[in-house]
Amino acid sequence: MASPLFTLAEIESALPIVRSAVPPTPQYAWPRLTARTGADVFVKHENHTPIGAFKVRGGMVYMDRLRRERPQVAGIVSATRGNHGQSLAFAARRAGIAATIVVPRGNSAEKNAAMRAFGAELIEHGRDFDEAKEYAAVIARHRGYAFTPAFHRDLVIGVASYAYEFFAAVSDLDTVYVPIGLGSGIWG
């Protein structure tokens, strides 16, 4: 049998890193959802994080390990369409590392503005995520920055902290709905 992507102990060791900037987010049972579905429905409010999304948790853990393992790294570069880039920009600023984020042309103006507000150098390149990602890799090589993929073990461990909080707060669940995207939400 293949080993798990990560262990419970690794999630627990990531909690102080995440909580240095993201206190546990609330989960509420909403009476109207309960009435409509006929089941108790709890919603985890990741919109209460500094970027308004769960992705910030992964960025914090990724940046912490990068800083410890490569203290000389001058910057990171990644491609995104939004929340991943905000996460990295937020975490990089806290770690004192430059962040360059490549987005495809025509990306959400609001997401772009948020990434810039968190301190990222934003570059618009390509027609889609794949072209932006290819260009991000070129920039990483040219500048000597760490290329940060959209899916990485450390990102998932950080994201898993939201599930850890949720399962600690609400027990005996029958069904859990999770965002899929590139996979960090479902793996976490």
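The values are calculated or read from the model by the stated rules, or taken from the named source; none is laboratory data. Everything quoted here is computed from the prediction, not taken from an experiment. Don't worry about glycine lacking a Cβ; one is built from the backbone with ideal geometry, like all the others, and counts go over all protein chains shown. For the accessible areas, the whole protein counts, side chains as well, though only heavy atoms, and no ligand, DNA or RNA atoms are used. Shrake-Rupley method; radii C 1.70, N 1.55, O 1.52, S 1.80 Å.
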Accessible solvent surface per residue of the stretch 39-188, calculated while the other protein chains remain in place, 1.4 angstrom probe, Å²:
48 Å²
Near-label residues of the stretch 38-53 by backbone N, under 13 Å of a point 7 Å along Cα→Cβ of Tyr177:
38-44
First measure r as the distance between the Cβ atoms of Arg68 and Tyr28, then evaluate 1/(1 + (r/R0)^6) with R0 = 41 Å and state the FRET efficiency to the nearest 0.05.
0.70
Using a cut-off of under 19 Å, list every residue of the stretch 44-67 whose amide N is near the label point 7 Å from the Cα of Ser108 along the Cα-to-beta-carbon line.
44-60
Approximate spin-label separation Ala35-Arg116, in nm, with each point projected 7 Å along Cα-to-Cβ:
4.4 nm
The correct ranking of Tyr145, Tyr28, Tyr62 by accessible area at 1.4 Å, largest first, is Tyr28, Tyr145, Tyr62
If one computes the Cα centroid of the stretch 163-184 and of the stretch 59-124, what distance in Å separates the two points?
26 Å
Go ahead and run the numbers for FRET between Phe151 and Arg93, Cβ-Cβ distance against an R0 of 30 Å, rounding to 0.05.
0.85
Excluding ligands and nucleic acids, what accessible area in Å² is computed for Arg143 using a 1.4 Å probe, to the nearest 10?
90 Å²
Which listed residue (Met60, Gly82, Ala136) has the Cα farthest towards the positive end of the charge dipole for the stretch 57-157, taking +1 on Lys and Arg C-beta and -1 on Asp and Glu C-beta about the Cα centre?
Met60
Compare the Cα positions of Val159, Thr148, Ala169 along the charge dipole of the chain (+1 at Cβ of Lys, Arg; -1 at Cβ of Asp, Glu; about the Cα centre) and return the one farthest towards the positive end.
Thr148
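Determine the dipole magnitude for the stretch 56-148: charges of +1 sit on the beta-carbon of Lys and Arg, -1 on that of Asp and Glu, nothing else is charged, the reference point is the Cα centre, and the result goes in debye to the nearest 20.
The calculation lands at about 340 debye.
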For Glu134, Glu124, give me the order by solvent-accessible area with a 1.4 Å probe, most accessible first, ignoring ligands, DNA and RNA.
Glu134, Glu124
Antiparallel %, DSSP beta bridges [both residues in the chain], to 5
20 percent
Can you tell me the dipole magnitude for the chain around its Cα centre, using point charges on the Cβ only (Lys, Arg +1; Asp, Glu -1), in Debye to the nearest 20?
540 debye
37 °C / 0.692 mPa s Stokes-Einstein diffusion coefficient of the stretch 1-153, Kirkwood radius on C-alpha pairs, µm²/s:
196 µm²/s
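Share of the stretch 1-142's accessible area from carbon and sulfur, percent, 1.4 Å?
The value for the stretch 1-142 is 54 percent carbon and sulfur by accessible area.
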Highest average packing first - 96-104, 177-185, Cβ atoms within 10 Å:
96-104, 177-185
Which aspartates and glutamates have a Cα lying under 16 Å from the Cα of Lys133, excluding residues fewer than 8 positions away in the same chain?
Glu121, Glu124
Sort Leu8, Leu88 by accessible area with a 1.4 Å probe, largest first.
Leu8, Leu88
Charges only on Cβ, +1 for Lys and Arg, -1 for Asp and Glu: so what's the dipole of the stretch 11-96 about the Cα centre, in debye to the nearest 20?
200 debye
